[in-house]
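Okay, so here's the structure we're looking at.
Here, each number is a calculation from the coordinates, and none is a lab measurement. Since we're looking at a predicted model, the values are computed, not measured. Cβ: placed from backbone, ideal geometry, glycine included. Neighbour counts: every protein chain shown.
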Amino acid sequence: MRDWREAAALALALLDDALDLVDVAQPLESLVDIALALAIIWLLREKLSWRNGLVLVLDALPFVDLIPMWTLYVLYAISRKPGKTVPVGEAGDRNTKSAATRSPLGDGKWR
């Protein structure tokens, strides 16, 4: 997680999928799904698109809503956002790698 918005979106997605599994909000399930979907989309700073529309439709179908659609969507959205990457060799202490995986010359090549 890179910030609080992603963590909150994942928490809401887990809550929505849990409510789908236990059928607690059965009479109001569609309204709860729409409200949580809009909150998740807002938290992820996403625009309305066919992806999140498809997830919302699939989440409303009987028996398909047993699949954690919103959790999968949030994990997908988080994974495709560009983040800070650390090149190999700068991630930490070079001595943390075993001798079998690094060159003894310290040239950074993997063996």
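A few comments on the model shown:
- Residue ID - surrounded by the fewest Cβ atoms within 10 Å (Cβ to Cβ), chosen from residues in the stretch 21-46 that are assigned to a helix (DSSP H, G or I) and among the β-branched types (Val, Ile, Thr): 22
- Complete set of residues in the stretch 13-30 that are closer than 17 Å to residue 53 by Cβ and either of a type in the set (Phe, Trp, Tyr) or without any contact (Cβ under 8 Å) to a residue 40 or more places away in the chain (or both): 30
- All positions within the stretch 55-71 that are part of a helix (DSSP H, G or I), touching a residue at least 40 places away in the same chain (Cβ under 8 Å), surrounded by 14 or more Cβ atoms within 10 Å (Cβ to Cβ) and not charged (D, E, K, R): 69, 70, 71
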